[in-house]
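A.B. asks: Please read through the structure below; I'll follow up with questions.
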Amino acid sequence: MSQNQVVAISDAESPVPAPAAGRRWRRALDRWMVWWTTPLVLVAIYFGWKLYLAITDLSPFVMPTPEAVLAALKEQVTDPYIWEVHVWATFTETLSGLAIAIAVGVTLGFLIGKSRILARILKPFVVATQVTPKVALAPLFVLWFGFGPGSKIALAAIVSFFPIMTNTAFGVQSLPRSTKEMCTSVGASGWYRFRKVDLPHTLAYILAGMEVAIVLATIGAIVGEYLGGDKGLGRYALNLQNNLQIDMLFGSIVLMAAFGLVLYGSVVALKRLLIPWHESVRALREEGA
Amino acid sequence: MTAIHVDRITKRFDPDPGKAPTLGTIDLAIEDGEFVALLGPSGCGKTTLLRMIGGLEQPTSGQVLINGESVSAASKAARRRILASVGFVFQEHNLLPWRSALANVAVPLEVRGMARAERRRVAAEMLALVGLSHAEGKLPHELSGGMRQRVAIARALSYDPDILLMDEPFGAVDAQTRDVLNLELQRIWMRRRKTVVFVTHSVHEAVFLADRVVVMGASPGRVVEDLRITTPRPRSLEATMTPEFLATAATLRDFLSDHFTPQESAT
């Protein structure tokens, strides 16, 4: 073994070698691919849609043309009433529901994750709330919380707390045994471990649960609106259907999809902000996505 | 003075009395400032012994005394007080992935309620001691395996314990890096003079680092040899090529193979 070799090895201690030029190129290609494939697929859908209408000659009350939908969507997007009343209502209901789901889900998740006895006691009830079809609860919620935002918030909360709770419990239990032993060996109290080790470790799992929960909360709020009340994107869509404004109905569905996408994107952004150290976020960063 | 007294302890994980206990009766006195290597094949219970000294495992019978006080019999609060003078370096680095190197080193200081500025100062000093001043702000995933293990050592030293327990700390790094880290550890030890108990299954590492090598055999785990290494310090890597070093290593290898059980391998 030569002296040079030893030097080379200790140099190799410097972390993460830069990727080879070829691989970087391919990675860049992967990264930008979505920017040209998405428009391409959209164009294909447009022509498929047109073609279908031309062949079947469907009534515009059943299936409007893409142009009519775009025109309707444009009208909706520029109408401040839609934003100030319907989008805002759904937005506040969804976020309030999610906030309750986080509070309840994280608390229950920690209890279940930390204590085997509590897990035994609580599990059957938690599972019972999940196997019950939540839509069946909606009339009850209307009865209890009225036609206002209360019933929608309750529905959003109950459909979205489950993934947060299970993820939190899983996160608490997945703290490596060796990390716990490290805490013991440096003399950390249970309270210190909870604040400085369990919580940051579990945050990654809570955020993963929130990714699913935000989508479910949106659905919960919109389903709640369908069942009663006078505001929100769900109510708006129902009105359009009753008025047979099918092009507008299509537009409102696009709005709801965009709404969900923005909320989901915010959770992903939050994840990058709060847990930049986590494996999943690092992988995203390395892809450059 | 005796820093660690392992007083006739046994450890049995499997309650079946037909099987040999993990550790038979072990009696061991380790003096203040001594560097002791626990050497043995995997499965001989050397890690279990170390974990019992560090209070992470309870002996089935007998007790461990640290500076004359029993760890095994103590209440939770008393045990925490006694173990405050013990630092543990694990096989895995066990760094918190969301904390920078500096903040990781500061964990035990934070636990002890040290003020923020003081904490930063001491942690920075410790990182300098292990040669990682340039990596203070780096997260664990940005460090190499060897660097992470050095941060872990800095963390264990940060609260200035009298005793340092090390469980194959360099087991996961490549041989060359391991040589570098062993040199480093010797340098740190010569500056800080802790009592060190170092678990390894490498004869080479044991002879290079230790004042005293305790060789263990398996089923039941027991001490089969207790050997002094008198090679003067600082020892260089060249010192591992001398006839004395090689002769000592050969002796230890003989002891290991005499107590070799077929399903285990002694490297």
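The values are calculated or read from the model by the stated rules, or taken from the named source; none is laboratory data. Everything numeric here is computed off the predicted structure, so don't read it as measured data. Neighbour counts run over all protein chains shown; Cβ positions are idealised from the backbone, glycine included.
A.B. asks: Return the residues of region B:36-58 that are more than 14 Å from every other protein chain (Cβ to nearest Cβ) and either at pLDDT 90 or above or not in a loop (DSSP other than H, G, I, E, B) (or both); say none if nothing qualifies.
C.D. replies: Result: B:Val36, B:Ala37, B:Leu38, B:Leu39, B:Lys46, B:Leu49.
A.B. asks: Another question, if that's okay. B:Leu185 versus (1) in a helix (DSSP H, G or I); (2) under 26 Å from B:Glu57 (Cβ atoms); (3) at the interface with another protein chain (Cβ under 10 Å from one of its Cβ atoms): which is the lone unmet condition?
C.D. replies: That leaves (3) as the condition not met.
A.B. asks: Would you point out the residue of region B:156-181, among those that are surrounded by fewer than 22 Cβ atoms within 10 Å (Cβ to Cβ) and away from chain A (no Cβ under 12 Å), that is modelled with the lowest pLDDT?
C.D. replies: Here the answer is B:Ala172.
A.B. asks: A further question on this structure: Search region B:171-213 for residues being β-branched (Val, Ile, Thr) and within 13 Å of the chain's Cα centre (by Cα), and hand back the single one that is farthest from B:Lys11 (Cα to Cα).
C.D. replies: B:Thr195
A.B. asks: Out of region B:182-199, which residues are surrounded by 23 or more Cβ atoms within 10 Å (Cβ to Cβ) and β-branched (Val, Ile, Thr)?
C.D. replies: B:Thr195, B:Val196, B:Val197, B:Val199
A.B. asks: Another question about this same structure. When region B:94-103 is examined, which residues are found to be more than 9 Å from chain A (Cβ to nearest Cβ) and surrounded by 24 or more Cβ atoms within 10 Å (Cβ to Cβ)?
C.D. replies: Listed by number, the list holds a single entry, B:Ala101.
A.B. asks: Would you confirm whether or not region B:169-176 contains a residue that is touching a strand residue (DSSP E or B) at 6+ places or on another chain (Cβ under 9 Å) and part of a strand (DSSP E or B)?
C.D. replies: No, every residue in region B:169-176 fails to be touching a strand residue (DSSP E or B) at 6+ places or on another chain (Cβ under 9 Å) and part of a strand (DSSP E or B).
A.B. asks: Which condition from (1) surrounded by fewer than 18 Cβ atoms within 10 Å (Cβ to Cβ); (2) over 16 Å from B:Val196 (Cβ atoms) is the one that B:Thr2 breaks?
C.D. replies: Going through (1) surrounded by fewer than 18 Cβ atoms within 10 Å (Cβ to Cβ); (2) over 16 Å from B:Val196 (Cβ atoms) one by one, B:Thr2 breaks only (2).
A.B. asks: Could you tell me which of the residues A:Gly190, A:Gly265, A:Gly229 is assigned by TED's automatic domain parsing to the domain that holds A:Thr78 and either at positive phi or surrounded by 20 or more Cβ atoms within 10 Å (Cβ to Cβ) (or both)?
C.D. replies: After ruling out the rest, the residue left standing is A:Gly229.
A.B. asks: Shifting gears a bit: Which is among the aromatic types (Phe, Trp, Tyr), under 23 Å from A:Gly260 (Cα atoms) and modelled with pLDDT of 90 or more, of A:Trp49, A:Trp35, A:Trp83?
C.D. replies: Step by step, each of A:Trp49, A:Trp35, A:Trp83 is checked, and only A:Trp83 is among the aromatic types (Phe, Trp, Tyr), under 23 Å from A:Gly260 (Cα atoms) and modelled with pLDDT of 90 or more.
A.B. asks: Among the numbered conditions (1) in contact (Cβ under 8 Å) with a residue 12 or more places away in the chain; (2) more than 30 Å from A:Ala217 (Cα to Cα); (3) in a loop (DSSP other than H, G, I, E, B), tell me where A:Leu58 comes up short.
C.D. replies: (1)
A.B. asks: As an exercise: evaluate B:Ser202 against (1) surrounded by fewer than 17 Cβ atoms within 10 Å (Cβ to Cβ); (2) touching a Ser or Thr at 6+ places or on another chain (Cβ under 8 Å) and give the number of the one condition it does not meet.
C.D. replies: (1)
A.B. asks: Now for a separate question. Name every residue in region A:177-194 that is more than 8 Å from chain B (Cβ to nearest Cβ) and more than 17 Å from B:Ala84 (Cα to Cα), in order of residue number.
C.D. replies: The answer is A:Arg177, A:Trp191, A:Phe194.
A.B. asks: Hey, another quick one. Restricting attention to region A:177-199, report how many residues are in contact with a helix residue (DSSP H, G or I) (Cβ under 7 Å, 6 or more places away or on another chain) and of a type outside the set (Gly, Ala, Ser).
C.D. replies: Total meeting the criteria: 7.
A.B. asks: Only residues that are of a type in the set (A, V, I, L, M), facing chain A (nearest Cβ under 10 Å) and more than 16 Å from B:Val6 (Cβ to Cβ): list them for region B:65-93, please.
C.D. replies: Within region B:65-93, B:Ala84, B:Val89 meet the criteria.
A.B. asks: Please enumerate the residues belonging to region B:205-219 that are in a loop (DSSP other than H, G, I, E, B) and surrounded by fewer than 22 Cβ atoms within 10 Å (Cβ to Cβ).
C.D. replies: The answer is B:Asp211, B:Ser219.
A.B. asks: I've got another one for you. Is one or more of the residues making up region B:217-226 modelled with pLDDT of 90 or more and among the small types (Gly, Ala, Ser)?
C.D. replies: Checked region B:217-226: no residue is modelled with pLDDT of 90 or more and among the small types (Gly, Ala, Ser).
A.B. asks: Quick one: in region B:133-144, of everything that is out of contact with any helix residue (DSSP H, G or I) (no Cβ under 6 Å at 6 or more places or on another chain) and free of Cβ contacts under 8 Å to residues at least 40 places away in the same chain, which residue is nearest to B:Gln176 (Cα to Cα)?
C.D. replies: Per the stated criteria, the residue is B:Ser144.
A.B. asks: A further question on this structure: Just give me the residues in region A:111-152 being in contact with a Gly (Cβ under 9 Å, 6 or more places away or on another chain), part of a helix (DSSP H, G or I) and surrounded by 12 or more Cβ atoms within 10 Å (Cβ to Cβ), in sequence order.
C.D. replies: A:Gly113, A:Ala119, A:Lys134, A:Ala138, A:Pro139, A:Phe141, A:Val142, A:Pro149, A:Ser151, A:Lys152
A.B. asks: Can you tell me which of (1) under 18 Å from the mean Cα position of the chain (by Cα); (2) away from every other protein chain (no Cβ under 14 Å) is the one B:Gly62 doesn't meet?
C.D. replies: (1)
A.B. asks: Okay, next question. Residues that are touching a residue at least 24 places away in the same chain (Cβ under 8 Å), at least 2 per element: which helices (runs of 4 or more DSSP H) completely within region A:179-289 meet that?
C.D. replies: Output list reads A:199-226, A:233-242, A:246-274, A:279-287.
A.B. asks: Do we have any residue at all in region B:137-155 that's within 12 Å of another protein chain (Cβ to nearest Cβ), aliphatic (A, V, I, L, M) and closer than 17 Å to B:Trp189 by Cβ?
C.D. replies: Taking every residue of region B:137-155 in turn, at least one turns out to be within 12 Å of another protein chain (Cβ to nearest Cβ), aliphatic (A, V, I, L, M) and closer than 17 Å to B:Trp189 by Cβ.
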